[in-house]
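Let me begin by presenting the structure, written as structure tokens, before commenting on it.
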Amino acid sequence: MPQATFYFDLGSPFAYLAAERIDEVMPGSVHWQPISLGALFKLTGRSSWALGDPERRQAGMAEVERRALSYELPPLRWPDPWPGNYLVAMRAVTFAQGTGRAREFVTRAFRNAFQAGHDLSIPKRVFEAAADAGLDPKEVDEATRDPEVKLALRETTGAAHELGVFGVPTLAIDGELFWGDDRLEDAATHLGQAGPKR
């Protein structure tokens, strides 16, 4: 079966919704790939729906809340302010990938952000989530300043852009891209039909 890759950023509530459902919807294992949405926006010339038009922002937030309710997730608690700068958070996730505890960290961080309202643009909040996932907060703090970690995040974000990823959450399967948490079922169907690679 082809590998599915899940591109995400901790600042995205739609990526949070996808992360909560991905294991039950997607067949087989999925590779979770952190990217910097802010850097991706710079590469694509786009911006977040949550910035600019207040009506669009309110409609988007209401839609996230509606979907969370329909997925039987806890009520949304929005960080204040939101969105913010999640570069440190995404560097922390990039580092965590090599520790074997990345999934636990990402799950905890997403829930802290969108169930408890923690602002992950504050490094202390990121390191708290890391500690909850069994990581050493001091080690994670140091890693977010490591040139190799910074480069790795830039490279994975650049590679996602080259693939055609323009937002998160996106699932990539054999060159096919499925953008949005509401495309998980489509991605699962595609993955099931793709069959083994030849």
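Ranking request for peptides 34-41, 23-30: highest mean number of other beta-carbon atoms within 10 Å first, then the rest in descending order. Present the calculation step by step, with values, prior to reporting the outcome.
Working: 34-41: 22.0, 23-30: 13.1.
Output ranking for 34-41, 23-30: 34-41, 23-30.
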Points 7 angstrom from Cα along the Cβ direction at Arg103 and Arg66: gap in nanometres? 3.2 nm
Taking 8 Å as the Cα distance limit and 6 or more residues as the minimum spacing, I'd like the relative contact order of the stretch 1-146 as a percentage. 24 percent
Which whole-angstrom value gives the distance between the alpha carbon centres of the stretch 1-25 and the stretch 104-134? 17 Å
Would you calculate a helix-derived [θ] at 222 nm for the chain, using -39,500 (n - 2.57) for each DSSP H run of n ≥ 4 and dividing by the full residue count, to the nearest 500? -16500 deg cm²/dmol
Under a Cβ-Cβ cut-off of 13 Å, what is the net charge of the residues other than Ser47 that fall near it, where Lys and Arg count +1 and Asp and Glu count -1? +3
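Between Arg57 and Gln193, what's the calculated FRET efficiency when r is the beta-carbon distance and R0 is 45 Å? Round to 0.05. Let's see the in-between values first.
On the way: r = 37 Å, r/R0 = 0.82.
Once the sixth-power term is evaluated, E becomes 0.75.
Bear in mind that the values in this text are calculations on the coordinates, not laboratory data. Computed from a predicted structure; not experimentally measured. Backbone-built Cβ (ideal geometry, glycine too); neighbour counts: all protein chains shown.
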